[in-house]
Each structure stands twice: as structure tokens, then as C-alpha cells.
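We did not get these values from a lab; they are worked out from the coordinates using the rules stated. It should be emphasised that the depicted structure is a prediction, and the values quoted were computed from it without experimental measurement. In this analysis, Cβ positions are derived from the backbone assuming ideal geometry, glycine residues included, and neighbour counts consider all displayed protein chains.
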Amino acid sequence: MSARLTPTITQDTAFFWEGLKTERLLIQRCDGCESLRHPPRPMCPQCRSLEWGTIEATGHGTVISYVIPRHPPLPFFDDEYIVALVELDEGVRLVTNLVDVSPAQATMGMRVVVRFEHFDNDLVLPLFAAESIS
Amino acid sequence: MSDRTLSGKSSIAGIGQTEFSKDSGRSELQLACEAVHAAIIDAGLTPSDVDGLVTFTMDTSEEMEVARNVGMSEISMFSRVHYGGGAAAGTVLQAAMAVATGVADAVVCYRAFNERSGNRFGNMTGRITTLPPWLSWYAPYGLMTPASWVALHAHRYMERYGVTNADFAPIAIVDRANAATNPGAWFYERPITFEEHQQSRWIIEPVLRLLDCCQESDGGVAVLITSTERARDLPNPPAVIAAASQGATFDSEMMTSYYRDDLTGLPEMGLVGNRLWAQSGLTPSDMSTAFLYDHFTPFVLMQLEELGFCGRGEAKDWATVERLSLTGDLPINTSGGLLGEAYIHGMNGITECVRQIRGTACNQLGDVVHALVTSGTGVPTSGLILSKL
């Protein structure tokens, strides 16, 4: 009943989607200069290192932008939904959905925490709920 | 200026287009051929005079298909520009460089599509079977249309500077007023009021209403670039390419550049603007008119700031209907723009500025000496300054 479009996974991004399956939100970290980056990519723009590992994010962050798409209707999105740009406390950003938050409750600067949502198509996405209610 | 400048060496000598519609009833290739041929005729040349072709990477009409249809024989330069509507002025830059260096003598830039009756950019339903990698960070969350990509960026700008959706209305009102007196515009004789803008339905709340979003169109546009020296002797007054630049900056994505420290600007357009002013030796106040790419109204305000027409955060107060109208200090989008005339991926902004310089526009301004044209924003982009000879 509940599915989402399946992301295309590449050699550069597989760790992220694999981590989600065990409810871990992983961020790529450069072995050379320890800077974090997202979305994942093969080379560090700060030091050009091709060596990298991951850290597990705490899952806490702040909404720095959000929108409520009204048109056109999309597959998998029957109900009202909010798309947010969240800056994790570690400093990187990701696009996500807010859950259990109404459009009237959404604000810039809102504190949020990750909630791993499992979908039918063997997909886990890191969605975010308000910190205060989780 | 040093010899290493592009400024002034080439000119747009011919413009061509099809009608703009919602259902052209013919192939994209045919639209391309019609527009390209019209540009060659307008320049007073023949197909065998053309030795260069440039289009968008998104265009479906291959250069050699266009050449064999129009009857061109020897093509010494062909090139394509990436990033959707950001390519428009970039095609002219490629052509101008080829002409200035003697690589080609006459280059035609074209863009033709059935974006309304065929492959609509905002319609992802049933179209995507495998997501491209970059879209995999957005589509699973329902961020799948150009309007939504732009809105998530623009909302940050609105928050920073206290801008509301009502502040975008002047752009739509001016565009539609200009379209209302352009018989070739889709919205001919259909101007809008502030109230109509504010009552139009949300597309992406709380950023974009229906009347903030450009239309979708079928059609083709082409321009022919040759040396200014040669253009002087051709039938129509040349629109001299005083400056041309593309622009991409750090951490760009295709409409989803959400990872930069500051999300309240369009740094690609800032770069283009700086290059255009430096190359031409002109300033914003020298512009007789501007065609500012208007796929979505918030990015028109942000462009005014990036290009230096006003300061950061000032566009909401600066961009009044009075100032941007045909009788104002900076008339914009005099054909009606992408909102009012047609969405031909920004190429129709270039042809409109050529007509203004020639003195043949339907909404002709007084003496137009310099015209600024910008291309798609929120993506790696481009811009031009066209000048009277």
C-alpha cells in the first residue's frame, strides 16, 4: 500500500541506502581532512582525497526550508505532504519529508529528529518528526 | 580592450521562429527546421552559407538532421550546451566564439520542442521508470517538478528578506500586460490583476501560485550569428554581441543546489552578471531593457539583485509594476516573457531583444541601445548583452 519511487544506487551512494536498511543515517567523511559531505561523491573537494569512511549521524537537525507541493498530483503521494531541507547537527543537509507535522506547524528553524520509515518496495527513507513530540 | 575580447566581434544578423502554441501538430524536428530556415532567410543568407550549428543538449533535433533538411552542405563547427534553459544565451556564446576566432562564419543556434503537447517537464507521472542518480535524493520525497525544486530554494530567500508571494505579483502582472499587446503571445489580450494573481491556486505553497509559473509551449526559435563586419551589409540592423557569458559556481546541481552556505542568491547569475559588465564596459543603468528568464517569478527578483539592479533583499520593493513596465526605468520581458508569450526555453527572449534593437518589436520601446538577456536560473546559466551598432 505504501511505496515510494526507488532511488538509483551507484557505487558512490550504496553505503547510504544500505545503512538505512538497518536504521542508520550515515554521512560520508573524508579520510584525508575529515570533512563531511552529502550527497555522497567520490572525491573530497577540500583535499582531493579519494579515501573516505562514514559516521553515523545523531539524527537531530534543523529545518532550513520547506514547501508543500499542491500540484501536480504525484504517484505515491495521495495525502498532503511536506518536503523539507534539513541541516543535520553534523552540518550536512538533506532533502526529506516531515512526518506528523501539519503545514501550519512547519516553521523555519524547527528542530527535528530522524524517523526511519519502511516502505513496501524494500526501501527505508530517513524522514523527520518534530523533536518535541518524539 | 585587448584582442582577447569577444565584445563586438559578432552580431545576431537573423532571427526565426515558428508560431507558439499548445499543440503544434508537427514534429520537433520540423519545428527546428522551420525556425532555422526562417533565421537564415531573415539574415539574407542561404543554407549553404551556414557552417555552424549549436543547440541544447536537451534538444531532440540532431544537428545533422537539421542540416540535411535545410540543405546545408559543410558544417565546420557544432556544439551543444547543457543545463536546460540555462543554455539559451550559452548557445549564442558558443556561436560568437566560433565566429570571433574564424572557426565558423555563420552559426545558427536553435531550440525547438513540443513541451506542452509532448514531453512536459513537470509531468513525472508514469514517465520515470529508473531515476537518474541525482534525482534519487529528491524524487522519493515527492520533490519532482521544476516548480518544487525552485520553491524549496526560494522559500529560504523569502524567509531571509521578509518576502511574501504577493511580492512576486508585479513580475507576473508586467509580463502578462506585455503579452496582452503582443499578437504572437499565447496570452494575447489577457492581462491579469494583482487580485487574480493572489487568487490563483497554489502550485507549491507558500511560494508559487499558478500565475508565478511560466506556461508550457510548443514552438521553435533560431538565431543566426555572423561577424559584425559581415552583418553590417546584411538586410537587418545587427544586434551586436557586446558581451556573452556562461556561469557555473561551486556546489551546483541541476535546480537543486541546496548545499551551499547561502541559499538566498543565484551565484551563477552573479558570475554571469559580473562577466557581462566587465566584458562590455557597461553597467545596469545602461540597459534600455532586459529579458530576465522568468520560469518562476521569485528567481526574477533574485536575478535583479545578482545583476546589480538593486541591493540584496531590495528587489521586493524595487521591482514595482511601474518601474518594470514599458514606460518604466527598466522595461522587462517586453514580449510577455515566458509567462506571457511562450516558453521556448529562453530563446524567445533573445529574439525579442534583437527586435527591440532593430526597432521592430510589437511593444517597441524608444531608442534601445543595450539589451540584457538572461537564461534559466537555479541551474548553471548564461547571459548576453546585445547592442545597437
Tell me which residues, restricted to the range B:73-92, are of a type outside the set (Ser, Thr, Tyr), at negative phi and surrounded by fewer than 24 Cβ atoms within 10 Å (Cβ to Cβ). B:Glu74, B:Ile75, B:Met77, B:Phe78, B:Arg80, B:His82
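If you go through the range B:300-318, how many residues are farther than 13 Å from B:Pro267 by Cα and under 19 Å from the mean Cα position of the chain (by Cα)?
Counting residues in the range B:300-318 that are farther than 13 Å from B:Pro267 by Cα and under 19 Å from the mean Cα position of the chain (by Cα) gives 3.
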Would you kindly identify the helices (runs of 4 or more DSSP H) lying entirely within the range B:165-249 that contain at least 3 residues that are out of contact with any Ser or Thr (no Cβ under 7 Å at 6 or more places or on another chain) and farther than 18 Å from B:Ala96 by Cβ? B:169-180, B:194-199
Among residues belonging to the range B:35-61 that are of a type in the set (Asp, Glu) and over 19 Å from B:Gly86 (Cα atoms), point out the one that is surrounded by the fewest Cβ atoms within 10 Å (Cβ to Cβ). B:Asp49
Extreme residue, farthest from the other protein chains (Cβ to nearest Cβ), among residues of the range A:93-117 that are outside any loop (DSSP other than H, G, I, E, B) and β-branched (Val, Ile, Thr): A:Val113
In the list B:Ala100, B:Ala106, which residue meets the criterion of being crowded, with 24+ Cβ neighbours inside 10 Å, in contact with a Leu (Cβ under 9 Å, 6 or more places away or on another chain) and not β-branched (Val, Ile, Thr)? B:Ala106
Suppose we keep only residues that are surrounded by fewer than 19 Cβ atoms within 10 Å (Cβ to Cβ) and within 14 Å of chain B (Cβ to nearest Cβ) within the range A:41-68. Which one would you say is nearest to the chain's Cα centre (by Cα)? A:Thr62
Scan the range A:118-131 residue by residue and report those that are closer than 16 Å to A:Ala3 by Cβ, more than 10 Å from every other protein chain (Cβ to nearest Cβ) and hydrophobic (A, V, I, L, M, F, W, C). A:Val124
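Okay, residues lined up against (1) more than 19 Å from the chain's Cα centre (by Cα); (2) of a type in the set (D, E, K, R); (3) more than 14 Å from chain A (Cβ to nearest Cβ):
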position: B:Val163; (1), (2), (3): yes, no, no
position: B:Val174; (1), (2), (3): no, no, yes
position: B:Asn182; (1), (2), (3): no, no, yes
position: B:Asp233; (1), (2), (3): yes, yes, yes
position: B:Val240; (1), (2), (3): no, no, yes
Taking the range B:140-153, which residues are within 9 Å of another protein chain (Cβ to nearest Cβ) and either without any contact (Cβ under 8 Å) to a residue 60 or more places away in the chain or of a type in the set (A, V, I, L, M, F, W, C) (or both)? B:Pro140, B:Tyr141, B:Gly142, B:Leu143, B:Met144, B:Thr145, B:Ala147, B:Ser148, B:Ala151, B:Leu152
Residues of the range A:69-86 being without any contact (Cβ under 8 Å) to a residue 40 or more places away in the chain, more than 8 Å from chain B (Cβ to nearest Cβ) and either crowded, with 19+ Cβ neighbours inside 10 Å or within 18 Å of the chain's Cα centre (by Cα) (or both), which ones? A:Ile82
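Looking at A:Asp120, A:Asp89 in this structure, which one is touching a Ser or Thr at 6+ places or on another chain (Cβ under 9 Å), at negative phi and without any contact (Cβ under 8 Å) to a residue 40 or more places away in the chain?
A:Asp89
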Using the structure shown, decide if B:Val272 is within 20 Å of B:Ser148 (Cβ to Cβ) and in a helix (DSSP H, G or I). no
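Within the group A:Glu34, A:Glu23, which residue is assigned to a loop (DSSP other than H, G, I, E, B), at positive phi and touching a residue at least 60 places away in the same chain (Cβ under 8 Å)?
Of A:Glu34, A:Glu23, the one residue that is assigned to a loop (DSSP other than H, G, I, E, B), at positive phi and touching a residue at least 60 places away in the same chain (Cβ under 8 Å) is A:Glu23.
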In the range A:1-31, residues that are surrounded by 14 or more Cβ atoms within 10 Å (Cβ to Cβ) and more than 21 Å from A:Gly59 (Cβ to Cβ) total 6
Out of the range B:323-378, which residues are of a type in the set (Gly, Ala, Ser), part of a loop (DSSP other than H, G, I, E, B) and buried (at least 24 other Cβ atoms within 10 Å of the Cβ)? B:Ser335, B:Gly336, B:Ala342, B:Gly346, B:Ser375, B:Gly376, B:Gly378
